[in-house]
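Enquirer: Here's a structure for you.
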Amino acid sequence: MVPILRSEPISRDVYIALFAGRPERVELREPSVGTRYGVELADGGTPPFEVDGRNDDGTATRKRVSVNWRNKPSRTLDLADLADALPPGPRTRVPLHLEQRAFVQEFLAGRAEQDGSTDLPDSDDDEALRLRGDRVIDTTHLRERKAQADAIAVP
């Protein structure tokens, strides 16, 4: 564990911390005061909402559970439908799934790349760059910025 020399917010959106060395891992957590319940917007929009799947002991699963409107004009969710979609278990299973845990962002110590950085592919056909975990980056903006940098570069 590396001691923190100084740690304070310097504006509403910026927090600074100075360490006495190089930490292997830094975690930023939302304040966890009270219990929050809610749903998140689904990626496709149908059904409109989702919640994280949970086991009976509260641990997260990778499964997402859909939540539908019961009455959209009055902004009421169909919790009976949510209860039917969950596996049989204790009565606390619906609130357990609706509980929104505090977000944790984890930063790990950087590791040197073996081959260094690589250029974007020359083909304009491939507008996406594939990353680990089935993540994708749209490279259109990167290509535009690279073209601007190349145009002002002095040979």
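Enquirer: Looking at the stretch 52-70 only, could you name the residues that are of a type in the set (Val, Ile, Thr) and without any contact (Cβ under 8 Å) to a residue 12 or more places away in the chain?
Expert: The initial filter retains those residues of the stretch 52-70 that are of a type in the set (Val, Ile, Thr), namely 59, 61, 65, 67.
Hits for the stretch 52-70 are THR59, THR61.
Enquirer: Only strands (runs of 3 or more DSSP E) wholly contained in the stretch 29-98 count here; list those with 1 or more residues that are β-branched (Val, Ile, Thr). Spell out the reasoning first.
Expert: Details: elements: 49-54, 60-67, 69-71.
Qualifying strands (runs of 3 or more DSSP E): 49-54, 60-67.
Enquirer: Continuing with the same structure: Being surrounded by 11 or more Cβ atoms within 10 Å (Cβ to Cβ) and more than 16 Å from the chain's Cα centre (by Cα) is the filter; apply it to the stretch 27-37 and report the residue that is farthest from ALA83 (Cα to Cα).
Expert: Once the filter is applied, the top-ranked residue is SER32.
Enquirer: Could you go through the stretch 84-94 and let me know if any residue there is among the polar types (S, T, N, Q) and either in contact with a helix residue (DSSP H, G or I) (Cβ under 6 Å, 6 or more places away or on another chain) or surrounded by fewer than 10 Cβ atoms within 10 Å (Cβ to Cβ) (or both). Step through it out loud before you land on a result.
Expert: Pass one, the stretch 84-94, residues among the polar types (S, T, N, Q): 92.
Checking the rest, the ones that are also either in contact with a helix residue (DSSP H, G or I) (Cβ under 6 Å, 6 or more places away or on another chain) or surrounded by fewer than 10 Cβ atoms within 10 Å (Cβ to Cβ) (or both) come to none.
No, there is no match, as no residue in the stretch 84-94 is among the polar types (S, T, N, Q) and either in contact with a helix residue (DSSP H, G or I) (Cβ under 6 Å, 6 or more places away or on another chain) or surrounded by fewer than 10 Cβ atoms within 10 Å (Cβ to Cβ) (or both).
Enquirer: Restricting attention to the stretch 95-123, and to residues there that are surrounded by 10 or more Cβ atoms within 10 Å (Cβ to Cβ) and in contact with a helix residue (DSSP H, G or I) (Cβ under 9 Å, 6 or more places away or on another chain), which single residue is modelled with the highest pLDDT?
Expert: Only one residue tops the list, namely LEU98.
Enquirer: Of everything in the stretch 9-21, what is over 24 Å from the mean Cα position of the chain (by Cα) and farther than 16 Å from GLU106 by Cβ? Give them in sequence order. Show your work before the answer.
Expert: Of all residues in the stretch 9-21, those over 24 Å from the mean Cα position of the chain (by Cα) come to 10, 18-21.
Matches in the stretch 9-21: ILE10, LEU18, ALA20, GLY21.
The values are calculated or read from the model by the stated rules, or taken from the named source; none is laboratory data. Keep in mind the model is a prediction, meaning the values are calculated, not measured. Backbone-built Cβ (ideal geometry, glycine too); neighbour counts: all protein chains shown.
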